[in-house]
Amino acid sequence: MSSEPFRARRQRVLNRLGDGVLVLPTAPVRLRNGDVPHAFRPGSDFHYLTGFDEPEAVLVATRSSAREHHAILFLRPREPDREIWDGPRLGPRRAVKQLGFDEAYPMASLYERLEGILGKTKRLFYTLGADGLMDRSLERVFERLAVADYRGNPSAHPVIEDPGPRVATERLVKDRDGIKALDRAAVLSAAGHRRAMAFARPGIMEYELQAEVEATFRRLGSRRNGYESIVASGKNACVLHYVANDRKMRRGELVLLDAGAELDMYTADITRTFPVSGTFSEPQAEIYRIVLRAQKAALRAVSPGRLWNAPHQAAIRATIDGLRALGLLKGQRKRLIAKEAHRRWFMHGTSHWLGMDVHDAGGYIEPDGKPRRLRAGMVLTVEPGLYFSPRDRSVPERYRGIGVRIEDDVLVTRSGRRVLTEAVPKELSEVERLCQGQEA
């Protein structure tokens, strides 16, 4: 991607923030154990505004007009001795040329230069508490500024405002490059899910299926997942965030697969539930059909101008109708909805925002306290489910231990919606064909 989309994003965010200085560090390096770090991933807000992938970096930006701003990147300098161990670094000189920054300097000069920059501003856009080391370093900058100007009896520091909510609002509506990345992530993820359906069989471990899915992601260009894969067979599908993935899959069971590939810092988020042996039993099919009808109803509720939770309300209505038809709920739909009778078996929401994070940035409530309305460019998941604990004696034994979720990623368009992940089959007969080694 060229540097222009990142410059345009910075300008839009700075216009939201107004006059002042934005200081935004990337994510810190975290130790996994001993002296072994976790694989580094840049902070989503930081990457959204810079396109820079290396650790130990800080963006400092100020707006000069509605169309112009000045952006400085502080980053690690070139160090041939360290690069032998850790790999090449971009360095300040190339950061200006390749990433389109106005200036770039070694990280060691950050606080000295910040003294000059912050001494001229009354507002600092910075998130306190996210980076303790930087918080303490900024305190020392403020102390030095106060000492230097003690005769003026200055404030202890500029007014500090958290830029996070306004960056999140900007990220909520995806630009053209974000949508392209989500489309590509969806294609890769769909391929992984299709491979999983064809590969699954009794006797393999859940982590073997996980390996097959994630190998497909990697072969097609994804360096990492957007989140930890959930491969939940049998009763494990009733644990919403099950990630142990260490059970042997057995004949006659379902497996719930929730996995998404990350590409260009954007992730897909797909869930499918399918039969390990290739064929749904009748009780499994009965539950699956309810969830599928609920998902289709929820998808129809996605369109610009609708409330963000309209898909959830549609899914609840369809779910309750299905449970009534099976005799698992009794009474009028309106009263059952008011009592939230579904929550015993459908206990989560139907949608969340999707983008650079699997639960992406952006509020769900408007400043007036009302649910946010959908706009073209927003992307959300649609994922109803039903989960019957093996210990749930309120349902017939044939349903106990069955967990089903069906999840797709949906782009709100000007005229309605586009399902980004429709390449993964979900009609019952199509799922069975693919699981039996036939093309769906």
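Values in this text are rule-based calculations from the coordinates and carry no lab data. Because the structure is a prediction, the values reported are computed rather than measured. Methodologically, a virtual Cβ is constructed for each residue, glycine included, from the backbone with ideal geometry; neighbour enumeration extends over all protein chains shown.
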> Which lysines does residue 235 reach when only Cα atoms under 16 Å apart count, and residues fewer than 8 places away in its own chain are ignored?
Replying inline: 248
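Tell me, what is the FRET efficiency for residue 123 and residue 147 to the nearest 0.05, using R0 = 22 angstrom and their Cβ-Cβ distance as r?
The pair residue 123/residue 147 has a calculated efficiency of 0.55.
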> In a GNM of the chain with a 10 Å cut-off on Cα contacts, which of 94, 247, 195 has the highest mean-square fluctuation?
Replying inline: 94
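Quick one, what does Rg over Rh come out to for region 88-240 if you take C-alpha atoms and the Kirkwood Rh? Please list the in-between numbers first.
Details: Rg = 24.3 Å, Rh = 20.8 Å.
Rounded to two decimals, Rg over Rh is 1.17.
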>> Given 20 °C and 1.002 mPa s, compute D for region 300-406 with the Stokes-Einstein relation, Rh being the Kirkwood radius over Cα pairs; round to the nearest whole µm²/s.
In response: 140 µm²/s
> Per the helix-only calculation at 222 nm, which mean residue ellipticity applies to the chain, given -39500 (n - 2.57) for every DSSP H run of n ≥ 4 and division by its residues, nearest 500 deg cm²/dmol?
Replying inline: -11500 deg cm²/dmol
> How fast does region 173-435 diffuse by Stokes-Einstein, in µm²/s, taking the Kirkwood radius from C-alpha pairs at 37 °C and 0.692 mPa s?
Replying inline: 177 µm²/s
> Which of 82, 250, 414 moves most in a GNM of the chain, Cα contacts under 10 Å?
Replying inline: 82
> Assigning unit charges at the beta carbon (Lys, Arg +1; Asp, Glu -1) and nothing else, what dipole magnitude in debye, to the nearest 20, does the chain show about its Cα centre?
Replying inline: 1620 debye
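Using 0.36 nm times the number of residues separating residue 64 and residue 321, minus their current alpha carbon distance, what extension gain do you get? Don't jump to the answer; show the numbers that get you there.
Values: separation 257, 0.36 × 257 = 92.52 nm, distance 5.72 nm.
Going from the current span to full extension adds 86.8 nm.
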> Once both axes come from the Cα atoms, what is the angle between helix 282-300 and the longest principal axis of the chain, in degrees from 0 to 90, rounded to 10?
Replying inline: 40 degrees
> Exposure proxy check: 308, 85 ranked by fewest other beta carbons within 10 Å?
Replying inline: 85, 308
>> List the GluC sites (Glu not before Pro) within region 1-110 that DSSP assigns to loop and that have no more than 16 neighbouring Cβ atoms inside 10 Å.
In response: 56, 68
> Computed from the mean reciprocal separation of all distinct C-alpha pairs, what Kirkwood hydrodynamic radius does region 4-170 have, in Å?
Replying inline: 16.8 Å
> Looking at the chain, what % of its DSSP beta bridges pair antiparallel, to the nearest 5?
Replying inline: 80 percent
> In angstroms, what radius of gyration and Dmax does the chain have, counting Cα atoms only?
Replying inline: 25.1, 82
> If you average the sequence gap of Cα pairs under 8 Å that are 6 or more apart and divide by the length of the chain, what percent do you get for the contact order?
Replying inline: 13 percent
>> Can you give me the angle between helix 176-199 and the longest principal axis of the chain, using Cα atoms only, in degrees from 0 to 90, rounded to the nearest 10?
In response: 40 degrees
> Amide H to amide H, which residues 5 or more places from residue 261 or on other chains are under 5 Å from it, using H placed in the peptide plane?
Replying inline: 189, 226, 268
> When the chain is treated as a GNM, springs tying every alpha-carbon pair under 10 Å, which of 299, 114, 209 comes out with the largest mean-square fluctuation?
Replying inline: 114
> Which cross-chain or sequence-distant (5 or more) residues have an amide H under 5 Å from the amide H of residue 20, H modelled 1.01 Å from N in plane?
Replying inline: 63
> For residue 98 and residue 219 in the same chain, what is the full-extension length gain: residue separation times 0.36 nm, less their Cα-Cα distance, in nm?
Replying inline: 40.8 nm
> Helix 310-325 versus the longest principal axis of the chain: what is the Cα-based angle in degrees, 0 to 90, to the nearest 10?
Replying inline: 20 degrees
